Amino acid sequence: MRVIAGSARSLPLKTIEGLDTRPTTDRIKETLFNMIHNDIPGCRFLDLFSGSGAIGIEALSRGAKICYFVDNSRKAAACINGNLKFTHLEDRAVVLQTDMRSAISRLSGQEAFDIIFMDPPYLKDLEKEALELFEHAACVNEDTLIIVEVSLKTDLSWLETSAYEVVKTKRYKTNAHLFLRKK
């Protein structure tokens, strides 16, 4: 796994040992960032369920103003901090080693994020819970682009009656990226 583009281009990133995380492949990461590259420079980015931090680090490398990384695993936080130090991007990063609920509560009064990326453990409805918490949080507004990575097996029927509209969907072999905005 490596940084695809920007100031840290081609630098390798460490991942977390074990099966607790599913690092986003370079190919999928490149496809994702090709879709949002115009929105990255100067943005406020949130990488929720960060794992190794590869998505947020890619955003910082491509010019994001600041990125918040959230993961409740001590191993993940150590991996993110190591990767940030190695890529020399730690000065524009905030790592929160906490669970998603506490992080959203803590961030809810802050200035709105431009982009939120979340890759929760599959098939546990954590994306639904996070989106419900973001509904009334000041850190999300109608301009915030929320990208959710989900398994193709995920039931998303609840989105029809949610506070969000799907503006785009990108499907891969086993998963998909949903691009959402508040209605």
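List of remarks:
- Of the residues making up region 119-138, those that are acidic (D, E) and surrounded by fewer than 22 Cβ atoms within 10 Å (Cβ to Cβ) are D125, E129, E132, E135.
- A residue that is hydroxyl-bearing (S, T, Y), touching a strand residue (DSSP E or B) at 6+ places or on another chain (Cβ under 9 Å) and at pLDDT below 95 cannot be found anywhere in region 79-101.
- Members of region 131-173 that are assigned to a loop (DSSP other than H, G, I, E, B), without any contact (Cβ under 8 Å) to a residue 24 or more places away in the chain and in contact with a strand residue (DSSP E or B) (Cβ under 8 Å, 6 or more places away or on another chain): L156
- Yes/no for I116 being touching a strand residue (DSSP E or B) at 6+ places or on another chain (Cβ under 7 Å) and either open to solvent by less than 40 Å² (accessible area, probe 1.4 Å) or over 26 Å from T174 (Cα atoms) (or both): yes
- A103 vs. criteria within 28 Å of E132 (Cβ to Cβ), buried (at least 23 other Cβ atoms within 10 Å of the Cβ) and among the hydrophobic types (A, V, I, L, M, F, W, C): no
- Complete set of residues in region 139-164 that are out of contact with any Leu (no Cβ under 7 Å at 6 or more places or on another chain), open to solvent by 60 Å² or more (accessible area, probe 1.4 Å) and not β-branched (V, I, T): E142, D143, L152, D155, S157, E160
- Of the residues making up region 116-161, just one is on the phi > 0 side of the Ramachandran plot and in contact with a Lys or Arg (Cβ under 7 Å, 6 or more places away or on another chain), namely L123.
- Selection within region 32-48 - farther than 15 Å from L89 by Cα and open to solvent by 40 Å² or more (accessible area, probe 1.4 Å): N34, M35, H37, N38, D39
- The listed residue being of a type outside the set (D, E, K, R), closer than 19 Å to I146 by Cα and either open to solvent by less than 80 Å² (accessible area, probe 1.4 Å) or out of contact with any strand residue (DSSP E or B) (no Cβ under 6 Å at 6 or more places or on another chain) (or both), out of I28, I4: I28
- Which listed residue is under 14 Å from the mean Cα position of the chain (by Cα) and of a type outside the set (G, A, S), from L60, L89: L60
- Selection status of A93, surrounded by fewer than 22 Cβ atoms within 10 Å (Cβ to Cβ), out of contact with any Phe, Trp or Tyr (no Cβ under 6 Å at 6 or more places or on another chain), in contact (Cβ under 8 Å) with a residue 12 or more places away in the chain and aliphatic (A, V, I, L, M): no
- Index of the failed condition, A176 passing every other in (1) in a strand (DSSP E or B); (2) exposed (fewer than 14 other Cβ atoms within 10 Å of the Cβ); (3) among the small types (G, A, S): (2)
The values are calculated or read from the model by the stated rules, or taken from the named source; none is laboratory data. Remember, predicted model here, so these are calculated numbers, not experimental data. Cβ atoms come from the backbone with ideal geometry, glycine included; neighbour counts cover every protein chain shown. Accessible surface is based on the protein model in full, side chains and every heavy atom, while ligands, DNA and RNA are left aside. Shrake-Rupley method; radii C 1.70, N 1.55, O 1.52, S 1.80 Å.
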